[in-house]
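Q: One structure, as structure tokens, below. Some questions next.
The values are calculated or read from the model by the stated rules, or taken from the named source; none is laboratory data. The model shown is predicted, which means the values in this text are computed figures rather than measured ones. No Cβ is skipped: glycine too gets one built from the backbone with ideal geometry, and neighbour counts run over all protein chains shown. Side chains included, ligands, DNA and RNA excluded: accessible areas come from the protein's heavy atoms. Shrake-Rupley method; radii C 1.70, N 1.55, O 1.52, S 1.80 Å.
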Amino acid sequence: MPKSFYVTTPIFYVNDAPHIGHAYTEVAADVITRWHRQRGDSSFLLTGTDEHGEKVLRTALGNNTDPKAWTDRLVKDSWLPLLETIDVDNQDFIRTTEERHKVAVQKFLKQLLDAGHIYQGSFEGNYCVGCEEYKNESDLIDGSGEFEGQRVCAIHSKPVEQLNENNYFFKLSHFQDRLLEHYEKNPTFVQPESARNEVVSFVRSGLSDLSISRSKERFDWGIDIPWDTSHITYVWFDALLNYITAIGYGTDEEKLHSLWPADVQVVGKDILRFHAVIWPAMLMAAGMEPPKQVFGHGWLLVGGEKMSKSKLTGIAPNEITDVFGSDAFRYYFMKAIGFGSDGSFSWEDLSARYTAELANGFGNLASRTVAMVARYFDSDIPQANEYQPADKQVQEVAAQAVSGAEAAMDRVAIHEAIASTWKLVDELNNYITTQEPWVLAKEESTRERLGTVLYTSIEGLRVLAVLLAPVMPKACEKLWAAIGSALGELSNQSISEAGVWGQLTAGTKISELEALFPRVEEK
RNA sequence: GGCGGGGUAGCUCAGGUGGUUAGAGCGCACGGCUCAUAAUCGUGAGGUCGCGGGUUCGAGCCCCGCCCCCGCUACCA
């Protein structure tokens with residue numbers, strides 16, 4: 001079984017409703033996965049939900065329900081619908097509460113225990129009784145009044161207690177050197193470069209062992225430690241394992257090897273450390289390969305600030321898709337933001353790009369081309385005759401658009417891939433204006449030339465439909481249905497071959513095309 | 001404080017190893033065209049490249065100092 005290109009998203013913590021930040025991650029991973037599939041490889045996208053942990057438990061109880069019912073409802077009402085909203089084509093969806101996950105996590109834990117990577121120790125932390133949880137040093141502030149001189153919980157302003165808990169620890173510290181060596185030997189393991197720097201400097205500063213269990217005395221919403229059922233597994237340890245429990249770890253070695261190691265694990269930069277430090281160390285401990293790449297994308301900024309619910313800048317994805325559609329959502333976030341950088345979102349920018357680039361650029365190009373073939377050739381794809389320099393230039397730009405996009409995607413530079421493709425959109429609009437097919441149509445003597453010009457234009461559209469399919473699947477399917485269905489399914493058109501000129505056959509009927517990106521009236 | 005990223009046209013951003021008049025898209029102004037979603041094409045205006053020094057024949061790119069913004073500095077997920 002040949003290895004598939006395996007892409008993952010983080011599994012989303014189900015405490016909240018999805019916002020465009022979650023959707024952004026999903027779309028990026030989906031575009032990467034679809035791209036590799038369109039290129040002719042087999043590819044696999046995994047996403048899912050992270051459902052254990054104290055916060056989920058507490059939220060559920062706060063809503064007068066139990067955690068299972070609570071997460072069931074959120075998954076069904078919020079998270080699965082999100083994938084529909086933004087048109088994500090995932091091959092699997094894992095929930096950490098599923099039996100297949102629990103069983104595999106326990107197997108993994110046992111494997112690490114047997115290999116000597118887990119030991120029992122005591123965890124000492126600053127426990128806030130008010131919050132009912134351990135606090136980081138950074139969550140504490142200097143006390144005042146009766147607590148002058150003490151460190152207190154920032155929320156409750158009361159001193160925290162030093163509590164000891166007997167926990168199981170993962171010997172993370174033992175992997176410090178191997179991790180550094182791995183970063184050294186695999187410069188693109190963590191991307192972008194800035195993320196890599198942070199990770200390397202973090203590991204260089206020294207790693208402590210990781211407490212990977214929690215006593216049930218505190219809460220019990222999690223996966224039992226297999227050899228000690230008075231403890232459950234620390235949520236992150238459980239969550240990270242989804243990337244292999246979903247694909248057969250412990251149950252289906254063949255499937256596991258057909259996918260692992262993952263090719264790209266897309267994560268937000270806030271959870272980079274878990275994925276670029278703890279996760280590979282866990283895998284090393286189990287004798288498995290780390291993923292080939294962990295890519296940390298940036299924040300979406302609204303009004304110059306990181307989006308947040310409390311500041312009312314959290315935007316639900318369907319607020320955007322209801323107006324502009326899923327393709328525009330996908331296009332906008334992939335094109336307007338350098339993948340890996342932070343990016344500012346604004347309705348004005350979205351609207352402007354939709355109008356200028358999608359409606360007036362790509363959409364109108366498709367309209368004018370299809371309309372002229374219909375009008376001047378009764379919807380038969382015309383014969384191309386002798387190619388002139390202008391026609392050859394279109395062919396060249398098309399080939400460059402393909403190779404440029406492929407090179408960019410190999411670096412996971414999604415925005416550059418789209419920019420490379422867009423050169424063909426601009427070239428074609430320019431070409432049509434310059435060649436003036438409407439003038440050629442007036443004289444019978446220039447009819448052959450007219451055919452060549454329109455053939456060239458529609459072939460260009462064919463290339464665009466293939467190249468843009470991973471980003472805008474719906475619009476490209478529509479376009480393909482109008483101009484390319486005689487060549488077979490759009491999904492079978494390989495990106496690598498897309499730049500080969502002359503695939504559409506003269507005489508083939510094309511069909512009507514509704515506006516791909518209808519104008520959105522000003523609100 | 002330490003480490004990392006960034007401060008370039010009104011806006012969003014490009015600008016390998018320093019080299020002719022600093023670029024793109026959008027927006028704006030003017031002109032052309034009419035196939036098309038009042039779409040398209042062309043031309044133009046617009047910048048002391050955060051501030052101050054320095055190296056160099058020559059610096060947005062190198063060095064020093066300073067100012068501002070952002071991220072990381074671990075076990076809430």
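Q: Can you tell me which of A:16-24, A:374-382, A:258-266 comes out highest on packing, and rank the rest after it, using the mean Cβ neighbours within 10 Å?
A: A:258-266, A:16-24, A:374-382
Q: Given a cut-off of 27 Å, name the pairs among A:3/A:55; A:68/A:335; A:110/A:185; A:3/A:107 whose C-alpha atoms lie farther apart than that in the structure shown.
A: Pairs exceeding the cut-off: A:3/A:55; A:68/A:335; A:110/A:185.
Q: OK, next. What ratio of Cα Rg to 2.2 N^0.38 Å holds for the range A:308-421? Can you show the working numbers first?
A: Values: Rg = 18.4 Å, N = 114, 2.2 N^0.38 = 13.3 Å.
In units of the globular-protein estimate, the range A:308-421 measures up at 1.38.
Q: A further question follows. Calculate the translational D of chain A in whole µm² s⁻¹ from Stokes-Einstein, where the hydrodynamic radius comes from the Kirkwood formula applied to all Cα pairs, the temperature is 25 °C and the viscosity 0.890 mPa s.
A: 96
Q: Also, quick follow-up: Quick test of the membrane-span-like rule: which DSSP H helices of chain A reach at least 27 Å along their long axis (C-alpha atoms) with mean Kyte hydropathy at least -1.0?
A: On the way: long enough: A:389-410 (31 Å, -0.19); A:414-435 (32 Å, -0.20); A:447-468 (31 Å, 0.77).
Correct list, ordered by number: A:389-410, A:414-435, A:447-468.
Q: Counting only heavy atoms of the protein chains, get the accessible area per residue of chain A (1.4 Å probe) and round it to a whole Å² value.
A: Accessible area per residue: 43 Å².
Q: Within 10 Å of each candidate Cβ there may be at most 13 other Cβ atoms; applying that plus a DSSP loop requirement, which GluC sites (Glu not before Pro) in the range A:350-421 survive?
A: Listed in order of number, the matching sites are A:386.
Q: Follow-up question, since we're still on this one. Which of the peptides A:445-453, A:100-108 is most tightly packed, and how do the rest follow, judged by the mean count of other Cβ atoms within 10 Å per residue?
A: Those peptides, ordered most packed to least, come out A:100-108, A:445-453.
Q: In bins 5 Å wide, starting from 0, what share of all Cα pairs of the range A:350-498 does each bin hold, as a percent?
A: 2, 10, 19, 22, 21, 14, 7, 3, 1, 0
Q: Continuing with the same structure: How many percent of the accessible area of the range A:154-296 is carbon or sulfur, using a 1.4 Å probe?
A: Summing carbon and sulfur atoms, their accessible area is 46 percent of the total for the range A:154-296.
Q: Now for a separate question. Given contacts defined as C-alpha pairs under 8 Å and at least six residues apart, what's the relative contact order of chain A, whole-number percent? Working shown, then result.
A: Values: 847 pairs, mean separation 81.7, N = 523.
This gives 16 percent for chain A.
Q: Related question: Please report the equivalent ellipsoid semi-axes of the range A:166-235, computed as sqrt(5 x eigenvalue) of the Cα gyration tensor, largest first, in whole Å.
A: Gyration-tensor ellipsoid for the range A:166-235: 32, 12, 10 Å.
Q: So if each residue of separation counts as 0.36 nm, and I subtract the Cα-Cα distance between residue A:508 and residue A:410, what length gain in nm does that give?
A: So the extension gain works out to 31.8 nm.
Q: If you take every DSSP beta bridge whose two residues both sit in chain A, what share of them, in percent to the nearest 5, is antiparallel?
A: If we restrict to bridges inside chain A, about 55 percent are antiparallel.
Q: When the Cα centres of the range A:246-298 and the range A:342-358 are compared, how far apart do they sit, in Å?
A: Each part reduced to its Cα centre gives a spacing of 34 Å.
Q: Starting from the Cα of residue A:15, step 7 Å along the direction of its Cβ; do the same at residue A:227; then give the gap between the two resulting points in nm.
A: Label at residue A:15, label at residue A:227, 3.2 nm between them.
Q: Can you give me the convex hull volume of the Cα atoms of the range A:169-287, divided per residue and expressed in Å³?
A: Details: hull volume 14.8 nm³, N = 119.
Output value, Cα hull per residue: 124 Å³.
Q: How far apart, in nm, are two points set 7 Å out from the Cα along the Cα-to-Cβ line at residue A:344 and at residue A:378?
A: Going by the 7 Å Cα→Cβ label model, 5.6 nm.
Q: Would you mind calculating the gained length between residue A:434 and residue A:181 on full extension (0.36 nm times residue separation, minus the Cα-Cα distance), in nm to one decimal?
A: My answer for the length gained is 85.4 nm.
Q: Something else about it: For the range A:423-523, I need the span (max minus min coordinate) of the C-alpha atoms along each principal axis, in Å, sorted largest to smallest.
A: 41, 41, 26
Q: Show which aspartates and glutamates lie in cross-link reach of residue A:269 when reach means a straight Cα distance below 17 angstrom and same-chain residues fewer than eight apart are skipped.
A: A:26, A:193, A:198, A:305, A:342
Q: Evaluate E = 1/(1 + (r/R0)^6) for residue A:164 and residue A:306, where r is the Cβ-Cβ distance and R0 equals 56 Å; express this FRET efficiency to the nearest 0.05. Write out the running numbers ahead of the final one.
A: Details: r = 36 Å, r/R0 = 0.64.
According to the calculation, E is roughly 0.95.
Q: Still on this structure, please answer the following. Which whole-number percentage describes the relative contact order of the range A:31-133, with Cα contacts under 8 Å and a sequence gap of 6 or more?
A: This gives 29 percent for the range A:31-133.
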